[in-house]
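S.K.: The structure under discussion is supplied below as structure tokens; questions concerning it will follow.
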């Protein structure tokens with residue numbers, strides 16, 4: 001088994017998505033502004049987020065210490081080890097991403113809370129335009145999503161809202177990607193023996209768009225809402241006879257997929273469908289319109 005395990009080269013490790021990596025060791029962003037993800041520093045306790053990840057550049061900077069770098073720079077500092085020891089951790093056999101979590105006291109009062117104040121039917125023109133830009137039909141989004149008004153730092157905003165099993169909401173608009181507490185997965189039960197698993201709800205909506213009126217839609221669904229919930233959700237997934245994984249085509253998503261498929265034949269990777277794309281929604285957005293609307297044309301429906 002050791003020889004078959006995926007091995008990271010130094011260059012591979014540098015390209016691992018920092019935001020996904022931080023999620024696997026228990027750190028979630030407190031604020032997202034464009035490509036900038038703000039965290040409480042993993043290196044100390046603090047009351048205001050001062051640790052930033054530029055996701056476009058895939059680099060971090062700790063403003064509290066004036067230090068930064070790539071994922072390897074972070075790893076050797078966080079784990080207090082050499083480059084060789086950090087590479088051994090990545091390529092070892094501890095959990096899926098081979099990284100032990102650090103014990104630390106969590107401060108609960110720091111960031112402005114995101115509070116959903118109203119939930120209603122999707123109707124705001126800007127949100128409908130955003131759905132169109134992501135190639136999601138309004139009728140499909142309306143089945144699973146709502147429109148929410150929420151406050152963040154005392155200011156009021158609106159977003160597409162996708163509810164999780166704990167009563168919190170994932171919130172998305174053109175400029176914002178975050179959610180209200182409590183954080184949890186979304187499990188949609190339809191009474192089937194197979195379950196399709198997605199990282200985020202836009203991938204789930206993309207699946208509904210691509211396979212509307214086909215047999216593939218006959219499934220239960222699990223939307224993780226964060227890859228950090230994958231391992232916690234494995235008992236739920238394994239209550240099904242067939243587990244179809246539609247995780248992202250980045251290093252973290254494929255690492256979880258590969259590890260799960262080695263554990264049981266019930267797990268099955270479906271990422272070959274969008275092999276050359278970042279995720280299922282990226283595949284949908286770049287798919288030729290003639291192919292996207294083939295089901296509509298078969299039914300005599302004029303595409304919008």
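The values are calculated or read from the model by the stated rules, or taken from the named source; none is laboratory data. Everything quoted here is computed from the prediction, not taken from an experiment. Positions of Cβ are backbone-derived with ideal geometry, glycine not excepted, and every protein chain shown enters the neighbour counts.
S.K.: Output the residues belonging to region 233-253 that are part of a helix (DSSP H, G or I) and either touching a helix residue (DSSP H, G or I) at 6+ places or on another chain (Cβ under 6 Å) or free of Cβ contacts under 8 Å to residues at least 40 places away in the same chain (or both).
M.R.: Quick first cut of region 233-253, residues part of a helix (DSSP H, G or I) only: 233-237, 251-253.
234, 235, 252, listed by residue number.
S.K.: If I filter region 48-59 for residues that are touching a residue at least 60 places away in the same chain (Cβ under 8 Å), assigned to a strand (DSSP E or B), closer than 25 Å to residue 115 by Cβ and in contact with a strand residue (DSSP E or B) (Cβ under 7 Å, 6 or more places away or on another chain), do I get at least one hit? Spell out the reasoning first.
M.R.: Step one: filter region 48-59 for residues touching a residue at least 60 places away in the same chain (Cβ under 8 Å), giving 48-49.
From what's left, assigned to a strand (DSSP E or B): none.
Looking through region 48-59, none of the residues is touching a residue at least 60 places away in the same chain (Cβ under 8 Å), assigned to a strand (DSSP E or B), closer than 25 Å to residue 115 by Cβ and in contact with a strand residue (DSSP E or B) (Cβ under 7 Å, 6 or more places away or on another chain).
S.K.: When you scan region 181-199, how many residues do you find that are touching a residue at least 60 places away in the same chain (Cβ under 8 Å) and surrounded by fewer than 23 Cβ atoms within 10 Å (Cβ to Cβ)? Break it down stepwise before answering.
M.R.: So in region 181-199, the residues touching a residue at least 60 places away in the same chain (Cβ under 8 Å) come out as 181, 183, 196, 198-199.
Subsequent filtering for residues that are surrounded by fewer than 23 Cβ atoms within 10 Å (Cβ to Cβ) retains 181, 183.
Matching residues across region 181-199 total 2.
S.K.: Still on this model: Of the residues in region 200-217, how many are touching a residue at least 24 places away in the same chain (Cβ under 8 Å) and loosely packed, with under 15 Cβ neighbours inside 10 Å? So that I can check it myself, show each step before the final result.
M.R.: Of region 200-217, the ones touching a residue at least 24 places away in the same chain (Cβ under 8 Å) are 200-210, 212-214.
If we keep only those that are loosely packed, with under 15 Cβ neighbours inside 10 Å as well, we get 213-214.
Here the count works out to 2.
S.K.: Now a separate question. Look through 50, 41, 23 and report the one residue that is over 27 Å from residue 256 (Cβ atoms) and crowded, with 16+ Cβ neighbours inside 10 Å.
M.R.: Answer to the selection: 50.
S.K.: Does residue 176 meet the test of being under 15 Å from the mean Cα position of the chain (by Cα) and at pLDDT 95 or above? Lay out the reasoning, then the answer.
M.R.: Details: under 15 Å from the mean Cα position of the chain (by Cα): yes; at pLDDT 95 or above: no.
So residue 176 fails the test.
S.K.: From the residues in region 232-252 that are under 14 Å from the mean Cα position of the chain (by Cα) and more than 20 Å from residue 194 (Cβ to Cβ), which one is surrounded by the most Cβ atoms within 10 Å (Cβ to Cβ)?
M.R.: Only one residue tops the list, namely 248.
S.K.: Does region 151-179 hold any residues that are buried (at least 21 other Cβ atoms within 10 Å of the Cβ) and part of a loop (DSSP other than H, G, I, E, B), and which are they?
M.R.: The answer is 164, and nothing else.
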